[in-house]
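Worksheet for the structure shown next.
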Amino acid sequence: MTNTTYTVIFYLFAAITVFSAVFVVFSRNVIYSAFSLLFTFFGVAALYVFLSADFIAVTQIIVYVGGILVLLLFGVMFTNKIMMTDLKTDVLNLVPGLVLLVAITGGLIYTFLTRSEWFTTVEQLQGSVVERIGFETMSRYVLPFEMVSILLLLALIGAAFLARFDNSAKSNEK
Amino acid sequence: MDVLFTIGLDHYLVISAILFGLGLFAILTRKNAIVVLMGVELILNAANINLLAFSKYNGGMEGVMFSLFVIVLAAAEAAIALAIVINIYKTFNTVDVSSIDSLKE
C-alpha cells in the first residue's frame, strides 16, 4: 500500500467518524442518532486498525456495536412510544453548549498542535498486537484484569436486578 | 502540506478532540437521557483514541491495555445506566432529564 492510498483511506475513515458524530449530536431524532452512532463506532474501530491495535478494533466492534448500541436502541424503544412518533428531543442551553463546544475543541486542538512537544520514539507498535496483549494480560496486568472482570460481573448483576419486572410491588398493592 | 499527508500523532489527537467536544455538547444540551448516554460513549471513544495513539507512537503496551479496560468499563456503565433510565421511565413516564427533579415518586 503506497503512502498516498494510506493517507486517503485514513482521511476517509476520519471523515466518517467525525461527520457521523456530528449527526449523532445534532440530529433531533433519537433513532437517527442511534444509527449514526453505529457509523461512528465503525469509524473509530477503523482508526484503531490504523493504530495497529487490531484486537482492540475487533473488541470495539463486538462490545460497542453488538452490545452497547443494541442496549441503547432497546432503551430508545422502551422509553418512547414509537406509534406516536414522539421521538424528537428538545435542546436546552444551545448557545452556551455551542460556545463550550467551539472553545474546548479549539483549545484542545491548539494545545495539542502548537503548545506540546510529544515524546515519540522511533520504535512504534508494528504488526499484530494480539500476542503481546495475551502476555501483558497474564503478567503485568493480571490484577486489574481480574478486578475488572469482577466489576463487570457485579455491574451486570446489578443492572439485571435494577431493570427486572417488579412483581412484588404489584402484589403488595392488591 | 507535508504535515497533512503523512499521518502522525497529531491527526489522531485532533479527531479525539473533536469527538470529545461533540460528546460534551451532547451531554450539556440534550434533554433525552439516552442521547446523554450517547455523548458519554463518544467521550469514552475519544479517550480510547488518545490512549491507543500515544501507545502506538511510544511503542509501549500500556495504552492498549488501558483502552481494553476502558471498553469493559463502558460496557458496565451502559448496562447500569440503561437500567436506571428504564426505572426512571417507569416512575416518571418520561426520560427528559430536565423535568426529573424529585428522588421519590
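Dividing the Cα convex hull volume of the range B:1-104 by residue count, how many Å³ per residue is that? Before the final figure, lay out the partial values.
Details: hull volume 10.0 nm³, N = 104.
Considering the Cα atoms of the range B:1-104, their hull volume per residue is 97 Å³.
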Quiz item: Comparing A:Arg140, A:Arg28, A:Arg115, which has the greatest mean-square fluctuation in the GNM of chain A with Cα pairs linked when under 10 Å apart?
Solution: A:Arg115
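Please check chain A for the longest run free of GluC sites (Glu not before Pro) that are loop-located per DSSP (anything but H, G, I, E, B) and have at most 11 other Cβ atoms within 10 Å. Please report the intermediate quantities before stating the final value.
Working: sites that count: A:Glu117, A:Glu123.
With GluC sites (Glu not before Pro) excluded where exposed in loops, chain A gives A:1-116 as its longest stretch.
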Quiz item: Anyone know which of B:Lys56, B:Lys90, B:Lys31 comes out most mobile in the 10 Å Cα GNM of chain B?
Solution: B:Lys90
Quiz item: Mean Kyte-Doolittle of at least -0.5 and a Cα length of 27 Å or more along the axis: which whole DSSP H helices of chain A meet both?
Solution: A:3-26, A:30-50, A:94-114, A:142-163
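How large is the Rg to Rh ratio of the range A:3-128 when both quantities use alpha carbon positions and Rh follows Kirkwood?
On the way: Rg = 18.1 Å, Rh = 17.3 Å.
Ratio value, two decimals: 1.05.
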Quiz item: Across all directions of projection, what mean area in square nanometres is found for the Cα convex hull of the protein assembly as shown?
Solution: 17.6 nm²
Self-check item: FRET efficiency, 1/(1 + (r/R0)^6) with R0 45 Å, evaluated for B:Leu103 and B:Thr6 via beta carbons
Solution: 0.25
Practice problem: About the Cα centre of the range A:3-128, how large is the charge dipole given +1 on each Lys and Arg Cβ and -1 on each Asp and Glu Cβ? Please answer in debye to the nearest 20. | Solution: 340 debye
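Read-outs throughout are calculated quantities, based only on the coordinates presented, and are distinct from any laboratory measurement. Values in this document were obtained by computation on a predicted structure and should not be read as measured data. Cβ sites come from the backbone with ideal geometry, for glycine too, and all protein chains shown count toward neighbours.
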